[in-house]
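Right, one structure below, let's go through it.
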Amino acid sequence: MAWELNSGQPIYTQIIERIMIEIVSGCYKPGEKLPSVRELASIAAVNPNTMQKAMAGLEQSGLVFSHRTSGRFITEDSNMIKKAKETLASAQIEEFMKKMEQLGITREETIELIQKKGEES
Amino acid sequence: MTAIVECKHLTKRYKNKEALSEIDLTLESGRIIGLLGPNGSGKTTLIKLINKLLVPTSGELLVAGEKPGVESKAMVSYLPEQSYLGDWMYVKDALDFFKDFYEDFDNSRALNMLEKLNIAPNDKIKSMSKGTKEKLQLILVMSRRAKLYCLDEPIAGVDPAARDYILSTIINNYDENATILISTHLIADVENILDDVIFIQDGKIRLHQDVDDIRSKQGTSIDHLFREVFKC
């Protein structure tokens, strides 16, 4: 099944984000080997060049490293994975806060609302 | 990066209509390029010039540094808009045809893809549906190890599921050193697999740009940009 991609944003950045999520959520284990660019391109239904570009971006982030002959692997540095998770989470929170602000709800009120929600469940 | 196609002041005139006027265009190796434009904008004319089915009125066109001819045809794989496989043929005849014509034709690759679609060598082309015929033709064209693939409207006549099949066939057979030029007006369907787009209108190049550049700078899909540029 092709990946759901939004054509208003660069495809490679969306791929990077998606694979990052798969790494921080544990779909890919630390040290695990990634499928080849060609396989990933085929799964995602994107151009191999785009997948290559996404891989270069992931390598730059440090979450993925490549062994010249044996392929690409997820980092074994669990600290780095934890940090990436925090970065992704804080981006989500920022986005949510922005939406709440658009509704005219202040940060403090938002936090209160979340607390209430948490107590309810 | 090296250029696979170079056009300099390329012009093609049919009697009193100018189909392409003074085009300067370079297509690089290793890219998947969308040739996008409204009907009658010059897409097919350009592809036919690359394949020497037409000759330029003026200007220059080079394929891998040479004028189109026998050598260039050996490295360009062309999917025309219309089917050229005879109704009398069986699938195995079409395969033989390609084997005879093209040294770079990979027969086992073609058989493999046909098998996945349940198309047998003994099937008759006449009894195939339009969609199956288009898939067969694409398989033949993509089974060549060419340097340049020119696909003229490869997805126009088929349903969305068949479109997905065709696009995945294109991706799976793509070799990073080759270039694929896809002409279409069904932009939303192809834009996720493109590296570059060329917008062509009234025989002139309106835009030639990296797709991800467009998305990051303008924050819009290619489909949307096309609708804006070509608004009637």
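Restrict the check to segment A:47-59 and report whether at least one residue is away from every other protein chain (no Cβ under 14 Å) and over 23 Å from residue B:170 (Cα atoms). If you could, list the steps in order and put the result at the bottom.
Within segment A:47-59, the subset away from every other protein chain (no Cβ under 14 Å) is A:58-59.
Remaining after also requiring over 23 Å from residue B:170 (Cα atoms): A:58-59.
Scanning segment A:47-59 turns up at least one residue that is away from every other protein chain (no Cβ under 14 Å) and over 23 Å from residue B:170 (Cα atoms).
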request  = Among the candidates B:219, B:203, single out the residue that is farther than 18 Å from residue A:45 by Cα and away from chain A (no Cβ under 11 Å).
outcome  = B:203
message = Take the conditions modelled with pLDDT of 95 or more, small (Gly, Ala, Ser) and either under 22 Å from residue B:184 (Cβ atoms) or over 16 Å from the mean Cα position of the chain (by Cα) (or both) and apply them to residue B:34. Does it pass?
response = yes
ask   = When residues of segment A:75-97 are filtered for being over 13 Å from the mean Cα position of the chain (by Cα) and either within 14 Å of another protein chain (Cβ to nearest Cβ) or surrounded by 13 or more Cβ atoms within 10 Å (Cβ to Cβ) (or both), how many remain?
value = 4
task = Could you please give the count of residues in segment A:6-52 that are surrounded by fewer than 20 Cβ atoms within 10 Å (Cβ to Cβ), closer than 23 Å to residue B:214 by Cβ and within 13 Å of the chain's Cα centre (by Cα)?
result = 3
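Pick from A:75, A:69: which is out of contact with any strand residue (DSSP E or B) (no Cβ under 8 Å at 6 or more places or on another chain) and on the phi < 0 side of the Ramachandran plot?
Working: A:75 fails: out of contact with any strand residue (DSSP E or B) (no Cβ under 8 Å at 6 or more places or on another chain).
The match here is A:69.
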key: Filter result (more than 11 Å from chain A (Cβ to nearest Cβ) and open to solvent by less than 10 Å² (accessible area, probe 1.4 Å)) within segment B:159-177   = B:162, B:166
Pair list, Cβ < 6 Å and 6+ apart or interchain, from segment B:106-130 residues that are surrounded by 12 or more Cβ atoms within 10 Å (Cβ to Cβ) to residues that are at pLDDT 90 or above and assigned to a strand (DSSP E or B) = B:124/B:90
inquiry  = Take the residues in segment B:75-102 that are farther than 17 Å from residue B:153 by Cβ and among the charged types (D, E, K, R); name whichever of them is most open to solvent (accessible area, probe 1.4 Å).
reply    = B:100
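The values are calculated or read from the model by the stated rules, or taken from the named source; none is laboratory data. Quantities reported herein were computed from a predicted structural model and do not represent experimental measurements. Here Cβ is always computed from backbone atoms with ideal geometry, including for glycine, and neighbour counts include all displayed protein chains. When the accessible area is computed, the model is the full protein with side chains, heavy atoms only, and any ligands, DNA or RNA have been set aside. Shrake-Rupley method; radii C 1.70, N 1.55, O 1.52, S 1.80 Å.
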